[in-house]
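Q: Got a structure for you, questions after.
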Amino acid sequence: MARVGVFICHCGTNISGAVDVARVVEAAQKMPMVVIASDNKYTCSEPGQASIRQAIVSNKLNRVVIAACSPRMHEPTFRKAVSAAGLNPYLLEIANIREQCSWVHSHDREKATAKAIELVKMAVAKVIRHEPLYPREVPVTKRALVIGGGITGIQAALDIANAGHEVVLLEQEPSIGGRMAQLDKTFPTLDCSACILTPKMVDVANHPKIRLLTYAEIKEVRGFVGNFKVEITQKARKVDYSKCTGCGTCWQKCPEKTPSEFDLGLGKRPSIYIPFAQAVPTKPVIDTDSCRYIKYRQWLAAGEQGKKPPECRICEKICPTGSIAWDQEPQTITEEFGAIVVATGFQVYDHRHYEEYGGGAYPDVISGMQLERLMNASGPTGGEIVRPSDGTHPKTVAFVCCVGSRDQAKGRTYCSKVCCMYTAKHAIMLKEHDPDVQCYIFYIDVRTGGKDYEEFYLRTLDDAGAIYIKGRPSKIYRDGKKMIVLGEDALMGRPIELAADLVVLATGMEPRTGADKLAQKLNISYNTYHFLVEAHPKLRPVETQTDGIFVAGACVGPRDIPESVAQGSAAAAKVAGLFSSDTLVTDPITSVVNRERCTGCLLCVAICPYKAIDCETTRDTRVVAVVNESLCKGCGLCVGACRPKAIDLRGFTSQQILEEVNSLWS
């Protein structure tokens, strides 16, 4: 026979401010099977939990109902509390009388109290039908996959490897380093970006626990926490890395030049190349879209139609180790991992979408990242800041903030967080390069949320003499050799017309192309902008709703370098914690299939968002659904979709739900 204890929480005044807790306790005492009902100021506190444990023992309770906040907040806490008193933790039911009652009915105490009583009555009716559930254990593969070789992924990989676990660091580009490798200096200290990043890149390459897979992409992800099976596509480099020494002879002699992606089109690179001088690995790949010999082979395969391309093959002829592999094809690699860290980073907003600013139309309208490459000593101009149109030194530079950020018309309403700061950095560095430069900065608001950021911003005013103009320009056009910026000074209330030698658009951050496709392969969520979604922005900022998959850095939202590094380490700590045990305990609240009722329609397979349901053939050749309990999250979608009612959800069975409904009419 069930012996139920009901415990009502005041939650300070969050609940008691709208609900008459004393009346709820009084009503609960009269409910069937209820042995004791009491209230507590803060049930989640240690005294509150102690009172529950004491009541379980002294009243020989075998069921517990706690009326408090959302089970998402404190259900694990209360399960531990009842378990400590010797009760199965799944003989507990939580009635949410805060989010679902007091917060939404705060202006009607009478109705809020009546609803709270009904919620408790439903919970009591349901918990009477509860049965003990028992978690099960699954083994853990203690290898981690880190997707993304930027500073976040590098930090995560190093921390996991230093904890003693094997790591595969996967990067889709030919080299690790990410966006930070393109920067000249970092704010607010103006440290050399390469000086900070390059040693970490070398540490990754030399670490005995880290395996580096560059020029590779995720093809498919199967499995569950502790036991993921990942198929990786290794793109064809056309270079045999087992032979190549990275001597550089090939890319120095290659006659074909094409715009450099790393320099954002401001410079050129050969068809066989490494992206930048400090690249890791320092071994080249061949760009099949521009290589002369690849085009020659394609011409032969097409039946020698059209003009014959040059055969070239200079790289093959001069390579001292015979590393050129023209017949190399993409390969599929299958690896097993226990955890995955997603750190795919960001890309800058394409300023060509701003036609009113001349983005992409005028060579002297560039993005902030392009200015970084011009400033960089290893950039296309050797660190000399010149106008792309004629190579002269600009004396008047106009900056436009919030390009691709805080702009509803462009579908980018969020703040990119770093634009104000890197614009301030650019103004200071331009003044250092040429004391005669005058910077004008068009802004909406200046946001400097970070350690020493406000002081750094003030340097642009005091030391660099930059002039800030509040307002977003309406149009930018060319007049002779000048770029004319039309806008408004919102503080002065008058129009502005500024003639500038160079215009820099402070472009915002957006997720890498394909972030949504990767999220779908990993079964994790993403928002309308395709930023990945964490399990909880405050309490679980690097976890996802899929156990064993973690997110870090700018793939989640705009981040600066310190935040990204911190999140990389946080994700690594979560992975190390996951790997601290040989087995994992899984939640027993999962779907279960009645094989006798199952008709094999497999609608549940199609509808399951976690890919937790598969099919198998029985001895009598019937096809039935089967649930992988390690993948199942207990969402219940399959239960609602099952036509023959062959699926039930432990802890939320049809009988339990029916008892809840019936209790409202008793």
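The values are calculated or read from the model by the stated rules, or taken from the named source; none is laboratory data. Model, not experiment: these values are computed from the prediction. Every residue, glycine as well, gets a Cβ built from its backbone with ideal geometry; the counts of neighbours run over all protein chains shown. Heavy atoms of the whole protein, side chains included, go into the accessibility calculation; ligands, DNA and RNA do not. Shrake-Rupley method; radii C 1.70, N 1.55, O 1.52, S 1.80 Å.
Q: For the condition within 30 Å of GLY383 (Cα to Cα) and open to solvent by 20 Å² or more (accessible area, probe 1.4 Å), what is the one hit in PRO139, PRO174, PRO188?
A: Sole residue among the options that is within 30 Å of GLY383 (Cα to Cα) and open to solvent by 20 Å² or more (accessible area, probe 1.4 Å): PRO188.
Q: Find the residue count for region 267-288, including only residues that are at pLDDT 95 or above, over 18 Å from LEU213 (Cα atoms) and of a type in the set (A, V, I, L, M).
A: Summing the residues that are at pLDDT 95 or above, over 18 Å from LEU213 (Cα atoms) and of a type in the set (A, V, I, L, M) in region 267-288 gives 1.
Q: Let me ask something else. Take SER16 and decide whether it is loosely packed, with under 14 Cβ neighbours inside 10 Å and either in contact with a helix residue (DSSP H, G or I) (Cβ under 9 Å, 6 or more places away or on another chain) or polar (S, T, N, Q) (or both).
A: In short, no.
Q: Please determine whether any residue of region 91-99 is modelled with pLDDT of 95 or more and part of a loop (DSSP other than H, G, I, E, B).
A: The answer is yes, given that some residue of region 91-99 is modelled with pLDDT of 95 or more and part of a loop (DSSP other than H, G, I, E, B).
Q: Just to check your reading of the model, which residue among LEU133, LEU158 is open to solvent by 10 Å² or more (accessible area, probe 1.4 Å) and either under 20 Å from SER564 (Cβ atoms) or in the same structural domain as LEU522 (by TED's automatic domain parsing) (or both)?
A: None of the others qualify; the one that does is LEU158.
Q: Here is a follow-up. Could you pull out the residue among VAL140, VAL120 that is farther than 30 Å from ALA67 by Cβ and either touching a Lys or Arg at 6+ places or on another chain (Cβ under 7 Å) or among the aliphatic types (A, V, I, L, M) (or both)?
A: VAL140
Q: Cβ contacts < 6 Å: first residue assigned by TED's automatic domain parsing to the domain that holds VAL34, restricted to region 108-130; second residue of a type in the set (Asp, Glu) and assigned to a loop (DSSP other than H, G, I, E, B), any location; separation 6+ or different chain. Result?
A: THR113/ASP20
Q: Could you check how many residues of region 17-42 are under 20 Å from GLN100 (Cβ atoms), in a loop (DSSP other than H, G, I, E, B) and free of Cβ contacts under 8 Å to residues at least 40 places away in the same chain?
A: 1
Q: Anything in region 322-371 that is aliphatic (A, V, I, L, M) and closer than 30 Å to VAL485 by Cα? List them, or say none.
A: Selection gives VAL348, ALA361, VAL365, ILE366, MET369, LEU371.
Q: Among residues belonging to region 54-81 that are surrounded by 16 or more Cβ atoms within 10 Å (Cβ to Cβ) and touching a helix residue (DSSP H, G or I) at 6+ places or on another chain (Cβ under 6 Å), point out the one that is farthest from GLY12 (Cα to Cα).
A: ARG63
Q: Just checking, does region 478-485 include any residue being assigned to a loop (DSSP other than H, G, I, E, B), of a type in the set (Val, Ile, Thr) and modelled with pLDDT of 95 or more?
A: Looking through region 478-485, none of the residues is assigned to a loop (DSSP other than H, G, I, E, B), of a type in the set (Val, Ile, Thr) and modelled with pLDDT of 95 or more.
Q: From the list ALA27, ALA37, exactly one residue is in contact with a Phe, Trp or Tyr (Cβ under 9 Å, 6 or more places away or on another chain), open to solvent by less than 30 Å² (accessible area, probe 1.4 Å) and within 16 Å of LYS121 (Cβ to Cβ). Which is it?
A: Answer to the check: ALA37.
Q: Still on this structure, please answer the following. Among the candidates LEU498, LEU505, LEU458, single out the residue that is surrounded by fewer than 18 Cβ atoms within 10 Å (Cβ to Cβ), outside the structural domain of LYS219 (by TED's automatic domain parsing), at pLDDT 95 or above and not in a loop (DSSP other than H, G, I, E, B).
A: Among LEU498, LEU505, LEU458, only LEU458 is surrounded by fewer than 18 Cβ atoms within 10 Å (Cβ to Cβ), outside the structural domain of LYS219 (by TED's automatic domain parsing), at pLDDT 95 or above and not in a loop (DSSP other than H, G, I, E, B).
Q: Between THR332, THR344, which is under 30 Å from ALA205 (Cα atoms), exposed (fewer than 15 other Cβ atoms within 10 Å of the Cβ) and touching a residue at least 12 places away in the same chain (Cβ under 8 Å)?
A: Exactly one residue qualifies, and that residue is THR332.
Q: I'd like to verify a number: residues in region 406-455 that are assigned to a strand (DSSP E or B) and under 22 Å from GLY345 (Cα atoms), how many?
A: 2
Q: Kindly indicate which of THR214, THR189 is farther than 21 Å from ALA277 by Cβ, not assigned by TED's automatic domain parsing to the domain that holds LYS611 and not aromatic (Phe, Trp, Tyr).
A: THR189
Q: Given the criteria of a type in the set (Lys, Arg) and buried (at least 18 other Cβ atoms within 10 Å of the Cβ), does LYS295 qualify?
A: The answer is yes for LYS295.
Q: Considering (1) in contact with a strand residue (DSSP E or B) (Cβ under 6 Å, 6 or more places away or on another chain); (2) of a type in the set (Ser, Thr, Tyr); (3) touching a residue at least 40 places away in the same chain (Cβ under 8 Å), say which one SER70 fails and leave the rest.
A: That leaves (3) as the condition not met.
Q: Which of the following residues is part of a loop (DSSP other than H, G, I, E, B), buried (at least 21 other Cβ atoms within 10 Å of the Cβ) and in contact (Cβ under 8 Å) with a residue 24 or more places away in the chain: GLY359, GLY322?
A: After applying the criteria, what remains is GLY359.
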